[in-house]
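J.: Before we start, here is the structure in question, set down as structure tokens.
The values are calculated or read from the model by the stated rules, or taken from the named source; none is laboratory data. In this text the structure is predicted, and so the values were computed from the model without any measurement. Glycine also receives a Cβ, built like all others from the backbone with ideal geometry; neighbour counts cover every protein chain displayed.
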Amino acid sequence: MATAKRRGQRGVAAGTRTGKGRKGLSKVPTGIAGLDLVLGGGLPAGRVTLIHGGAGSGKSIMSLQCLLHGAGAGKPGILIMFEERAAAVRQNAWSRGWDLTRLEKKNKLYLMDARLDPEAVISGDFSIKGILAVLDHRIKAMRAKLIVIDAVDALLHLYDNPMRERHELYVLHEWLLDRGLTTLMTVKTIPQEEAPSRYAFLDFMADCVIHVDQRVTAQIATRRLRVIKYRGSGYGRNEYPFIIDESGINIIPITSNILQHRPPGPKVSSGQARLDDVLAGGYKRGTSILLAGTAGAGKTTLACVFTRAACLRGERVLYLNFEESAESMVSNMLSPGLTLQPLIKAGTLAVRSYLPEAMGVEEHLFHALKDLDEFQPQHVVVDAISACKRMGSEQAAFEYLMRLLNVCKERGITCIYINQTSGLEIAQEISGIGISSLIDTIILLRQLPIGGAMTRQLIVMKSRGSKHSEQFHEFRITDRGIDLVKA
Amino acid sequence: MMKARKRERRRSAKPGGESYVFRLFVAGNESNSSQARANLARLCEEHIKGRYKIDAVDVLKDAAAAHKNKVLVTPTLILVKPLPKVTLLGNLNDTRQVLAALRLTGDEG
């Protein structure tokens, strides 16, 4: 796992430092997986960070998560809400398993309901001194170090006059700096608009600006985050996909910018002795294998033959199934005599079924990486990469498969991708979603009508760094797995 | 906390007509706060002389009271009595608007 972490850091923000920066800029970790990496350690301590994004883009959750992390790390915090009710915030947090009330009782967290009376009549000029006085009182009482101002636009909106808005914000900024508070301010933006034009000056004022958004492509929503600026610090400059799950914000580890694949390991049996001969000893451990063929050609069976053999040797296999449920797969494999249930029970086989269109690429990838981390498999099977297109688009599927493959190669995990091709013109389709160049071994399966019956054949199209047979080999699916017919 | 509150009581013995209770939150002697104080005193003298009470609270000295009354900006004027409660934000420079909001137009005499 340590190697995975190092990889991530190098991939995200090369040259940035965690904790104290070069010029002594100290940082406050956000505690959000991945975000601290992108920020080179965390938020600028004692300075103002702005998060802007549209409705539902994750601004509030992100800032609340930072506060909770701080509260747990000896930095009490205050959350000022200009739009939400404190009770609703507590309730929403509770549904994620975050107990705000407990922190409030311990004086580590203070929720300040700062919604203005909508009936209030505005008559003449005013200032935000009232709220600052209340805050001063509270900050002293609880020795607060962090402060979140949620929806600062709602406060500024009170002023009709842009000059007054700016002035009050300037006063607020100075006030925050004087008190050395590490501040997070959230601002709403109109969708499709990156900077909130009305509050563009906020971007200039803040020391760190983060933009979050949610996009829908092909009916599947993806969330992304980008750091726009960070004074006095390096940061990851890309757009980073993230997801919000029950534990909060998770930023997906980014594909590393250098290929750090491990060299392929020794050969590992395909589970079929004659196929091993065809492959000059079997698959290479830690490489990628593509099993391509038409429906019913025996791809899943071939993958399960390998899976079963590996599990029986005591190795762990993670089977990501995008086509059918674990139960139906287990039951279907009984026909060729491949009993999988005992392997699942023994904990050597894990079958995870996901509906491709249920979530976006980032979330799928997040789940796959979580499965990899939890299960620590030696081999992974993806059934089938053709179904991955339903994650949104061909590009989405490519991204998912490429990133998963990279992670597997870095960890020395064998990756078996199953690809269903539609016609007999397999040669053109074989590349499957354009990843064939990343694949080490390609095995093509086909069914041919010969003498009034369908004959199954397989051929090894490619096997990087290894000899292999260049013949078509006839095979049968029996009730004891797969049998290669001697030529 | 109550000690910090500066109270100005101006009641008259004149019977009849409703009596008014105001709570005015100010921030020290900043310009908007001073203007609001002066504007409110003048309006009261002109329209409800002898029938009003103004509680002036300095939020810089009594943050707890500001918090309790959910005061976010200064000056904030709350008409406590007669009900319904009315909240006004700002220095109260627009006399006609303030009078209308406080229901002090016309027949209050």
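J.: Would you say A:Leu67 is assigned to a helix (DSSP H, G or I) and touching a residue at least 60 places away in the same chain (Cβ under 8 Å)? I'd like the intermediate steps shown before the answer.
T.: Numbers: assigned to a helix (DSSP H, G or I): yes; touching a residue at least 60 places away in the same chain (Cβ under 8 Å): yes.
Yes; evaluated as a whole, the condition is true for this residue.
J.: When you check A:Lys145 against the structure, is it among the charged types (D, E, K, R) and within 12 Å of chain B (Cβ to nearest Cβ), yes or no?
T.: no
J.: Scan region B:83-109 for residues that are in contact (Cβ under 8 Å) with a residue 12 or more places away in the chain and touching a Ser or Thr at 6+ places or on another chain (Cβ under 8 Å) and jot them down.
T.: Scanning region B:83-109 gives B:Leu88, B:Leu89, B:Gly90, B:Asn91, B:Leu92, B:Asn93, B:Val98, B:Leu99, B:Ala101.
J.: For region A:441-466, give me each residue that is on the phi > 0 side of the Ramachandran plot and in a strand (DSSP E or B).
T.: Passing the criteria: none in range.
J.: Determine the pairs where a residue that is at pLDDT below 85, located within region A:128-141, has a partner that is assigned to a helix (DSSP H, G or I) and buried (at least 23 other Cβ atoms within 10 Å of the Cβ) with Cβ atoms under 6 Å apart, the partner being 6 or more residues away or on another chain.
T.: Qualifying pairs under 6 Å: A:Gly130/B:Ala66.
J.: Would you tally the residues in region B:59-82 being more than 9 Å from chain A (Cβ to nearest Cβ) and in contact (Cβ under 8 Å) with a residue 24 or more places away in the chain?
T.: Step one: of region B:59-82, the residues more than 9 Å from chain A (Cβ to nearest Cβ) are B:65, B:68-69, B:78-82.
With in contact (Cβ under 8 Å) with a residue 24 or more places away in the chain added as a condition, the list becomes B:65, B:69, B:78-82.
Result for region B:59-82: 7.
J.: Another question, then. So in region A:101-129, with the set limited to residues that are of a type in the set (A, V, I, L, M) and more than 10 Å from chain B (Cβ to nearest Cβ), which one is surrounded by the fewest Cβ atoms within 10 Å (Cβ to Cβ)?
T.: Checking each candidate, the answer is A:Leu103.
J.: Moving on to the next point. Taking A:Tyr170, is it surrounded by fewer than 15 Cβ atoms within 10 Å (Cβ to Cβ), in contact (Cβ under 8 Å) with a residue 24 or more places away in the chain and away from chain B (no Cβ under 14 Å)?
T.: yes
J.: From A:Arg223, A:Arg262, A:Arg231, grab the single residue that is at pLDDT 70 or above and under 22 Å from the mean Cα position of the chain (by Cα).
T.: Answer to the check: A:Arg223.
J.: What are the residues in region B:85-104 that are surrounded by fewer than 16 Cβ atoms within 10 Å (Cβ to Cβ) and within 7 Å of chain A (Cβ to nearest Cβ), if any?
T.: Taking region B:85-104 first, the residues surrounded by fewer than 16 Cβ atoms within 10 Å (Cβ to Cβ) are B:85, B:93, B:95-96, B:100, B:103.
Across region B:85-104, the qualifying residue is only B:Asn93.
J.: Please tell me if A:Ile249 is under 27 Å from A:Met454 (Cα atoms), of a type in the set (A, V, I, L, M) and crowded, with 19+ Cβ neighbours inside 10 Å.
T.: Here the answer is no, as A:Ile249 does not meet what is asked.
J.: Here's something else I'd like to know. Which one of these is assigned to a helix (DSSP H, G or I) and among the hydroxyl-bearing types (Ser, Thr, Tyr): A:Thr49, A:Thr101, A:Thr30?
T.: Among A:Thr49, A:Thr101, A:Thr30, only A:Thr101 is assigned to a helix (DSSP H, G or I) and among the hydroxyl-bearing types (Ser, Thr, Tyr).
J.: Taking region A:213-232, which residues are without any contact (Cβ under 8 Å) to a residue 24 or more places away in the chain and surrounded by fewer than 16 Cβ atoms within 10 Å (Cβ to Cβ)? Before the answer, list the steps.
T.: Step one: filter region A:213-232 for residues without any contact (Cβ under 8 Å) to a residue 24 or more places away in the chain, giving A:215-216, A:224, A:226.
Listed by number, the residues that qualify are A:Arg215, A:Val216.
J.: Hey, could you check region A:33-53 for residues that are aliphatic (A, V, I, L, M) and surrounded by 23 or more Cβ atoms within 10 Å (Cβ to Cβ) and say which is farthest from A:His211 (Cα to Cα)?
T.: A:Leu37
J.: Another one. Being within 9 Å of chain A (Cβ to nearest Cβ) and buried (at least 17 other Cβ atoms within 10 Å of the Cβ) is the filter here; which residues of region B:31-57 pass it?
T.: Restricting attention to region B:31-57, the residues satisfying the condition of being within 9 Å of chain A (Cβ to nearest Cβ) are B:31-33, B:35-36, B:39.
Selection gives B:Asn32, B:Ser33, B:Gln35, B:Ala36, B:Asn39.
J.: Among the numbered conditions (1) surrounded by fewer than 23 Cβ atoms within 10 Å (Cβ to Cβ); (2) within 20 Å of A:Glu239 (Cα to Cα); (3) among the hydroxyl-bearing types (Ser, Thr, Tyr), tell me where A:Ser95 comes up short.
T.: It is condition (2) that A:Ser95 fails.
J.: Looking at (1) in contact (Cβ under 8 Å) with a residue 60 or more places away in the chain; (2) in contact with an Asp or Glu (Cβ under 7 Å, 6 or more places away or on another chain); (3) of a type in the set (D, E, K, R), find the lone condition where A:Arg85 falls short.
T.: (1)
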